[in-house]
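Taking it in order: structure first as structure tokens, then the write-up.
The values are calculated or read from the model by the stated rules, or taken from the named source; none is laboratory data. Just so we're clear, the structure is a prediction, and the values are computed from it rather than from any experiment. No Cβ is skipped: glycine too gets one built from the backbone with ideal geometry, and neighbour counts run over all protein chains shown. Surface accessibility is based on the protein's heavy atoms, side chains included, excluding ligands, DNA and RNA. Shrake-Rupley method; radii C 1.70, N 1.55, O 1.52, S 1.80 Å.
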Amino acid sequence: MIKFDEPMSRHTSWKVGGAADRFFVPADEDDLAGFLAALPASEPVTWIGLGSNVLVRDGGIRGTVISTAGMKDRLELLPGNTVGASCGTACAKVARFSARSGLAGAEFMAGIPGSVGGALAMNAGAFGAETWNIVERVELVNRAGSRTEKAGARFATGYRRVDVAANEWFLGARLRLEPDPDGRAQIRISELLARRAATQPTGRFSCGSVFKNPEGDFAGRLVDQCGLKGFAIGPAVVSDKHANFIINTGKASAADIEALILHVQTTVAQMTGIRLDPEVRIIGETGGNKQQ
Ligand SMILES: Cc1cc2nc3c(=O)[nH]c(=O)nc-3n(C[C@H](O)[C@H](O)[C@H](O)COP(=O)(O)OP(=O)(O)OC[C@H]3O[C@@H](n4cnc5c(N)ncnc54)[C@H](O)[C@@H]3O)c2cc1C
């Protein structure tokens, strides 16, 4: 399904972002590969999963956005304690399905409000676990619509990053998990969700952690130390509960949020000498020509 001038505020967890020229929701992986093969080579392409780690600017996105969130999910138990998941499948579903299937190792995904594709692209992680630690294989598609499979071990990964060729994206992954005969994974999911609810402003419009943790420290601790909790630019506010979260408390624009990110970054650099590196990906055009 293709839409034109689609407001990206409908597809991001911050609920901000101008319109995409074209917005394509593939039915499944075959549809997606066929669409890419037929798309003129000059058309810019941007991928989006559940939009929980992107700030789309108010001027929107030129070219075509491929949205995997509305694709048909593929989630299956495979031999050798592995689980196969398509790129648009929600991480929380993967965590619950794996635990119900008697497998442990994907519990950390339960509270990450992203898709499998987004988790692969970001090397999403929580509570000491990371996505690429459990990746056995991935399926990729390139700009020409050709599909390939690669072993997870072939990718160089790090904290919230993976090296992947430009114009190559993840169609799905096969995750290697451990047997969980006592059903501890389901209990651990409940514990991790409770810990999250106690320490993070869950249920608010945010992108999770705005900044990566610097080596040996925590971005939230530094932002708090600089007295920035509650600091606001328009309706964009640094959370009182967790200083590394910026909340859209009303009708913030992407420009409000970006200005607040810059203010926090500058203040922390001036007061501590540490330059925080954004974890959130800022994309699209500035200005209001393609407003929400
Ligand atoms: C309340 C909250 C809590 C969060 N907690 C955590 C946490 O504990 N740990 C953590 O790591 N993150 C956390 N996040 C951030 C976010 O959920 C993760 O980064 C998640 O993996 C992003 O997935 P997504 O589908 O939303 O990706 P999007 O935001 O849609 O996209 C993020 C990036 O991935 C790329 N991308 C998306 N799909 C694909 C694909 N199939 N192939 C290639 N590239 C792709 C996009 O182009 C973009 O560059 C949190 C966010 C929120 C709102």
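Values for this structure:
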quantity: Under the Karplus curve 6.51 cos²θ - 1.76 cosθ + 1.60, θ = phi - 60°, whole-Hz ³J(HN,Hα) for the stretch 209-218, x wherever Gly or Pro sits; calculated: 5, 6, 10, 6, 6, x, 3, x, 8, 10
quantity: Spin-label proximity, Ser101 to the stretch 111-137 - amide N less than 15 Å from point 7 Å beyond Cα toward beta carbon; calculated: 116, 134-137
quantity: Distant-in-sequence amide H partners of Val54 (H built 1.01 Å from N, under 5 Å); calculated: Ser13, Arg281
quantity: In Hz, Karplus ³J(HN,Hα) per residue of the stretch 221-235 (6.51, -1.76, 1.60; θ = phi - 60°; x = Gly, Pro); calculated: 5, 5, 5, 5, 4, 7, x, 9, 4, x, 5, 10, 10, x, x
quantity: Long-range amide H partners of Gly60 with built H, under 5 Å; calculated: Gly18, Ala19, Glu285
quantity: Net charge of neighbours whose Cβ lies under 14 Å from the Cβ of Asp240, counting Lys and Arg as +1 and Asp and Glu as -1; calculated: +2
quantity: Heavy-atom SASA rank of Glu139, Glu215 (probe 1.4 Å, accessible area, largest first); calculated: Glu215, Glu139
quantity: Cross-link pairs beyond the 28 Å C-alpha cut-off, checked among Lys3/Lys150; Lys72/Lys241; Lys15/Lys150; Lys212/Lys251; Lys93/Lys212; calculated: Lys3/Lys150; Lys72/Lys241; Lys15/Lys150
quantity: Karplus-derived 3J(HN,Hα), 6.51/-1.76/1.60, for each residue of the stretch 112-123, Hz, glycine and proline x; calculated: 8, x, x, 9, 4, x, x, 5, 5, 5, 9, 6
quantity: Accessible area expressed per residue, the chain, with surrounding protein chains retained (probe 1.4 Å, Å²); calculated: 45 Å²
quantity: Where labels lie 7 Å past Cα in the beta-carbon direction, separation of Glu76 and Lys251 in nm; calculated: 4.8 nm
quantity: Long-range amide H partners of Ala104 with built H, under 5 Å; calculated: Glu178, Asp180
quantity: Separation between Cα centres of the stretch 1-73 and the stretch 173-193, rounded to whole Å; calculated: 32 Å
